[in-house]
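Report on the structure given below.
The values are calculated or read from the model by the stated rules, or taken from the named source; none is laboratory data. If you're wondering where the values come from, they're calculated on a predicted model, not measured in any experiment. Using ideal geometry, Cβ is built from the backbone for each residue, glycine included, and neighbour counts are taken over all protein chains shown. For accessibility, only protein heavy atoms count, side chains too; no ligands or nucleic acids. Shrake-Rupley method; radii C 1.70, N 1.55, O 1.52, S 1.80 Å.
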Amino acid sequence: MSRRVYLETYGCQMNLADGEIVLGLLARRGMATAASAAEADVILVNTCAIREHAEERVIGRLTQLLPHKLRDPNVKIGVLGCMAQHHRAALLQRLPFLDLVLGPDEYRRLPEALDRQGFDDPTVEVRLGREETYADVAPARRDAVRAWVTVMRGCDKFCTFCVVPYVRGRERSLPLPIVLDQVRQAAEAGYREVVFLGQTVNAYRDGDLDFADLLRATAAIDSIARIRFTSPHPSDMTERVIDAIGSEPKVCPQVHLPLQSASNAVLARMERGYTIEEYDRLVEQLRLAKPGVSFSTDVIVGFPGETEADFEATTAYLGHVGYDRAFLFAYSPREGTRSAREAETLSAEEKQRRLQTVIDVQEKISRARSTRWRGQTVEVLVEGPARKGQGWLAGKSAHFMTTVFPSDRHAPGELVPVLVEDCTPHTLIGAALDGAAGVRAYG
């Protein structure tokens with residue numbers, strides 16, 4: 001019998017896509033996917049090191065998985081990804097039962113490591129490469145309706161608070177023909193939506209071809225109905241990219257545009273590479289190019305040196321843009337980053353106060369933004385059953401709004417027009433227009 005692998009992934013979409021690459025590599029060796037850790041011969045946890053809470057959660061989960069190895073010593077447990085890269089020594093010290101610790105550029109070594117008959121010592125491979133893109137690996141896709149396609153890896157920005165360049169290496173992009181082959185294969189498999197991934201995805205470049213060329217070439221693939229991407233960096237949002245976003249109808253009218261702070265003093269200490277005035281002009285350019293575009297963002301409050309005025313500027317700017325969604329965090333130093341060497345200037349209590357303030361502000365903004373959809377018809381890509389209850393389906397609108405509606409007639413992957421009747425700050429509630437023309441399905 002082939003060995004069975006169980007994989008859990010924590011963190012961002014890049015980690016989800018990496019998990020699909022890992023499963024694709026193991027499928028080459030005939031390994032099957034297990035539905036649970038209890039059924040597996042190999043248990044892998046794909047990790048994130050961006051936030052402190054993610055690390056604590058992973059440590060706790062790995063401890064919970066130990067009984068499977070105690071029950072059967074032949075079971076192998078491994079840690080993959082950013083946390084493996086960033087904290088391999090601490091992981092091995094705290095979790096001595098680990099058999100494998102592999103960083104994001106070492107997944108190719110996983111089948112070979114598992115083929116070893118025994119483990120006298122854990123396999124630890126954490127070297128970062130300038131060339132590895134896994135371009136030849138067919139991912140074993142797990143999402144039922146949208147295809148994650150990693151088009152570039154690594155980051156060259158070195159923001160002072162961020163560990164990504166240290167755990168994922170420098171920027172490198174997949175060749176455009178290979179990306180388009182992956183998109184076509186996904187389309188042939190029935191996927192209607194493709195999501196391009198990269199730490200700074202709009203920095204994509206293949207020779208003279210850039211991210212704008214990638215968007216336009218993908219839009220020419222008939223079976224793909226929607227194109228998304230995350231996360232772009234404001235400094236790489238060129239006029240060519242903005243024009244492609246605006247002129248290609250398949251590019252969804254939703255952009256995740258990380259802000260981090262609306263204070264130029266804080267942005268300079270973060271080394272973000274733009275001012276708030278430049279960011280604001282970019283928002284207006286995107287709105288002109290793509291009327292009706294919605295925005296989401298990332299914000300960090302409590303960065304070292306952030307004054308009350310800096311914080312108030314960020315709070316006010318949330319309302320100025322009117323983000324549909326925002327991912328809001330209180331600053332926590334990450335080991336190895338430059339900002340971690342700076343003295344903290346705010347107490348934990350004050351950082352928490354500021355975080356709760358922006359959460360409250362954004363919740364009001366999200367509620368107001370949601371109400372604009374009442375009475376509107378949105379096209380929903382059905383993902384599956386809604387948590388609302390039996391007989392309800394959930395999916396995403398083109399603006400990436402979660403939308404739920406009662407129906408027993410539609411399947412995951414269909415694009416269904418839905419009349420919005422009510423809303424919460426984060427969810428649209430409506431009714432499928434089953435008789436309307438334009439309901440689109442697989443094939």
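Listed values, structure above:
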| item | result |
| --- | --- |
| Computed label-point distance, nm, for sites Ala343 and Gln356 using a 7 Å Cα→Cβ extension | 2.8 |
| Relative contact order of region 354-439, pairs being alpha-carbon contacts under 8 Å that are 6 or more residues apart, as % | 29 |
| Cβ-placed point charges (K, R +1; D, E -1), dipole of region 100-199 about Cα centre in debye, nearest 20 | 400 |
| Shape call, region 92-188: gyration tensor on alpha carbons, a/c limit 1.5 | oblate |
| Two-site FRET efficiency, Asn74 against Phe327, from Cβ-Cβ distance with R₀ of 60 Å, rounded to 0.05 | 0.90 |
| Unpartnered cysteines - no second Cys beta carbon under 4.7 Å - across the chain | Cys12, Cys48, Cys82, Cys155, Cys252, Cys423 |
| Order by protection proxy (mean Cβ within 10 Å, highest first), peptides 361-369, 139-147 | 139-147, 361-369 |
| FRET efficiency, Trp392 to Asp208 (Cβ-Cβ, R0 41 Å, nearest 0.05) | 0.25 |
| Gyration tensor (alpha-carbon) shape descriptor, region 317-380, a/c threshold 1.5 | prolate |
| Region 351-443, accessible area per residue, ligands and nucleic acids excluded (1.4 Å, Å²) | 50 |
| Accessible surface of region 162-299, 1.4 Å probe, proportion on carbon and sulfur as whole % | 49 |
| Calculated FRET efficiency for the pair Asp115/Glu312, C-beta based, R₀ 45 Å, to 0.05 | 0.20 |
| Accessible surface, region 201-252, averaged per residue in Å² (probe 1.4 Å) | 37 |
| Bins of 10 Å from zero: percent of alpha-carbon pairs in region 229-344 | 13, 44, 30, 12, 1 |
| For the chain, built as a Gaussian network whose Cα springs stay under 10 Å, the top-fluctuating residue of Ser397, Ser36, Ser261 | Ser36 |
| Whole-number accessible area per residue in Å² for region 302-341, which is evaluated in the context of all protein chains at 1.4 Å | 40 |
| Under the Debye formula (equal points on every Cα, no solvent term), log10 I(q)/I(0) of region 24-182 at q = 0.13, 0.16, 0.17, 0.21 Å⁻¹ | -0.67, -1.02, -1.15, -1.55 |
| Protection proxy ranking, peptides 209-221, 88-100, average beta carbon neighbours within 10 Å, highest first | 209-221, 88-100 |
| Protein accessible area in region 1-95, 1.4 Å probe - carbon and sulfur % | 51 |
| Relative contact order (%) - the chain, alpha-carbon pairs under 8 angstrom, separation at least six | 10 |
| Prolate/oblate/rounded call for region 116-242, Cα gyration tensor, a/c under 1.5 rounded | oblate |
